[in-house]
Amino acid sequence: MNEKYIRKLIKIVEESEVESLEISSWGRKIKITQRLNSSFNGNSQLPAVTHPVNIPPETTNNPAPQAVNQPAEESQPIADKSKMVAVKSPMVGTFYGAPSPDADPYVGLNEKVRSGQVVCIVEAMKLMNEIETEVSGRIAEILVENGKPVEFGQELFLIVPD
Amino acid sequence: MKKKLSHVQLKLLAEKIILTIRNNDKKFFSQKSLAKRFKVKFENITSATELLTEWGYKLKFNSKDKSLNFLSSPDILSDTEIKYKLKTKVIGQNVLAYNRVKSTNDIASTMAMAKAKVPHGTIITANEQTRGRGRLGRSWHSPPGSGIYLSIILKPRFSPDKAPGISIMTALALAETINEFLPGKVQIKWPNDVFINGKKTSGILTELSAEKNKINYLIVGIGINVNQPPGSFPDEIKETATSIRKVLRKKTNRADLLKSFLLNFEKEYDLYCKNQLSDSLKRLKKYSYLQDKHVRIISGNEKIDGKVIGLSSDGSIILEQKKETISVASGEVTIDVQKT
């Protein structure tokens with residue numbers, strides 16, 4: 001474990017995204033650590049993205065670089081979001097996804113629905129309000145958990161219309 | 001002319017006869033004069049009278065002058081009994097009285113769905129339900145001949161978000177009715193359980209069909225335990241259920257109770273359409289089972305604790321907590337015995 005060897009190890013660590021490296025050889029042990037974002041690191045082009053701990057929040061929230069990397073077909077569902085139709089709650093109450101506690105849910109994720117089909121119940125003051133979808137399509141998102149309170153006009157489902 | 005009347009025609013004739021002789025108990029009606037009045041054969045009057053006796057009407061037939069007099073009506077929910085002296089303007093003026101059905105709410109929703117023209121205020125009644133429904137797929141014990149099983153079809157003009165308060169409005173109409181027959185013992189547990197001496201005597205199941213901003217129809221289903229004898233409830237509800245008879249210690253004529261309820265319902269419904277529950281809050285407070293009690297409300301997966309201070313005009317319950325006052329629109333309420 002000579003100096004040259006150690007320098008080599010340091011270089012490896014510097015060029016990597018590893019924070020620390022520990023090696024034992026013939027009863028000797030060496031540990032190399034680096035502070036990834038430190039100014040004296042020298043390796044400033046170490047991409048911050050690869051190490052989430054050190055990313056400033058602005059960077060994480062910026063979706064732009066990701067979108068660039070995304071192949072066209074993969075971005076399709078996201079683009080569709082604007083075309084999705086929301087099923088909204090007509091009243092304040094509690095959301096139920098199934099007609100009774102031991103029954104199957106009215107609809108599941110990705111399930112096809114027809115316009116006029118009951119998709120859930122919103123209950124208020126023991127009035128069971130069966131909520132119907134106004135469009136035919138596919139359930140893209142279920143936005144409320146079973147048994148949670150909902151507000152007037154709150155979105156309950158997102159549907160990709162046919 | 002010798003044509004025999006069909007069963008339906010005979011039924012209609014029997015109903016006409018009972019109405020005539022009942023409304024004019026001072027007047028004299030011979031079977032002959034009735035035959036003349038309704039333009040039927042004398043034998044038809046005899047058959048119709050037999051049918052009436054079969055239904056349970058008590059009639060007095062004077063063999064000397066061949067006159068027919070009304071003595072008493074049976075405790076049945078028939079359209080004849082319901083319409084007789086019904087004082088409402090709209091609610092219950094169109095009656096469909098069944099003897100035995102699966103569920104009056106099912107019939108009501110089928111009718112309301114299929115027939116756009118079914119009038120607002122139409123009621124469906126039954127003497128027995130084989131599959132009386134409660135909330136969340138629960139059942140409602142509906143034995144023959146002792147309870148009132150009723151569904152009211154409403155076509156309100158208010159928006160769907162105002163529909164839930166109808167359950168509470170209905171509970172209030174029921175409490176007012178039971179209070180006429182059994183004063184001082186009725187209470188409402190929010191939102192819509194009606195209690196006598198702390199036990200459940202009635203259940204309300206409201207079902208709504210609505211579009212975004214418009215109610216297609218609203219069905220209010222009501223089950224009332226009227227003449228169930230003490231000890232007749234099944235094991236699973238015997239500790240928590242009661243009937244009017246059990247407390248009053250005598251039977252109540254169900255059609256009379258129903259008519260009184262329909263009148264109270266109409267009154268409360270008119271108030272509700274104008275101002276929701278604003279004009280009823282005082283009376284709701286009077287009947288409240290939960291007022292000033294510390295409660296826990298389980299609303300879906302949420303638990304909410306607080307002290308009940310009243311209701312708001314949309315029917316939500318208002319709870320006072322340590323730091324704030326909140327209103328809750330849905331949930332099962334249990335009283336926190338330790339704090340109360």
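The values are calculated or read from the model by the stated rules, or taken from the named source; none is laboratory data. Quantities reported herein were computed from a predicted structural model and do not represent experimental measurements. Please note: Cβ atoms are built from the backbone with ideal geometry, for glycine as well, and neighbour counts cover all protein chains shown. The accessibility values were calculated without ligands, DNA or RNA, using every heavy atom of the protein model including side chains. Shrake-Rupley method; radii C 1.70, N 1.55, O 1.52, S 1.80 Å.
General observations
- Residue in the stretch A:103-116 that is within 27 Å of B:R133 (Cβ to Cβ), surrounded by fewer than 18 Cβ atoms within 10 Å (Cβ to Cβ), away from every other protein chain (no Cβ under 14 Å) and small (G, A, S) present: yes
- For the stretch B:189-220, a residue qualifies if it is touching a Ser or Thr at 6+ places or on another chain (Cβ under 6 Å), assigned to a strand (DSSP E or B) and open to solvent by less than 10 Å² (accessible area, probe 1.4 Å), and the qualifying residues are B:V194, B:I196, B:T201, B:T206, B:I219, B:V220.
- Test: residue in the stretch B:292-304 that is within 14 Å of another protein chain (Cβ to nearest Cβ), in contact (Cβ under 8 Å) with a residue 60 or more places away in the chain and touching a Ser or Thr at 6+ places or on another chain (Cβ under 9 Å): no
- Search result, residues across the stretch B:55-73 that are surrounded by fewer than 16 Cβ atoms within 10 Å (Cβ to Cβ) and under 18 Å from B:Y98 (Cβ atoms): B:G56
- For B:I148, the requirement of being in contact (Cβ under 8 Å) with a residue 12 or more places away in the chain, part of a strand (DSSP E or B) and within 8 Å of another protein chain (Cβ to nearest Cβ) is not met.
- Segments classed as strands (runs of 3 or more DSSP E), wholly inside the stretch B:256-340, with at least 2 members that are open to solvent by 60 Å² or more (accessible area, probe 1.4 Å) and charged (D, E, K, R): B:302-311
- Pick from the stretch B:155-164, criterion part of a helix (DSSP H, G or I) and open to solvent by 30 Å² or more (accessible area, probe 1.4 Å), ranking: farthest from the other protein chains (Cβ to nearest Cβ): B:K162
- Per this entry, B:L284 is not counted among residues that are at pLDDT 95 or above, under 20 Å from B:E81 (Cα atoms) and of a type in the set (A, V, I, L, M).
- Residues of the stretch A:132-155 satisfying the condition of being within 13 Å of another protein chain (Cβ to nearest Cβ), in a strand (DSSP E or B) and open to solvent by less than 10 Å² (accessible area, probe 1.4 Å): A:V150
- Against the criterion of being farther than 17 Å from A:V150 by Cβ, within 14 Å of another protein chain (Cβ to nearest Cβ) and not hydroxyl-bearing (S, T, Y), B:L281 does not qualify.
- Residue within the stretch B:165-186 that is surrounded by fewer than 23 Cβ atoms within 10 Å (Cβ to Cβ), of a type in the set (A, V, I, L, M, F, W, C), farther than 29 Å from B:Q93 by Cβ and touching a residue at least 12 places away in the same chain (Cβ under 8 Å) present: no
- Hits in the stretch B:61-93 (condition: modelled with pLDDT of 90 or more and of a type in the set (K, R)): B:K83, B:K85, B:K87, B:K89
- Of all residues in the stretch B:8-25, those that are closer than 11 Å to B:N44 by Cα have Cβ atoms under 7 Å from Cβ atoms of residues that are assigned to a loop (DSSP other than H, G, I, E, B) and open to solvent by less than 50 Å² (accessible area, probe 1.4 Å), 6 or more apart or on another chain, in B:L13/B:L5; B:L13/B:F38; B:L13/B:V40.
- Residue within the stretch B:229-239 that is assigned to a loop (DSSP other than H, G, I, E, B), without any contact (Cβ under 8 Å) to a residue 60 or more places away in the chain and either within 14 Å of another protein chain (Cβ to nearest Cβ) or open to solvent by less than 50 Å² (accessible area, probe 1.4 Å) (or both) present: no
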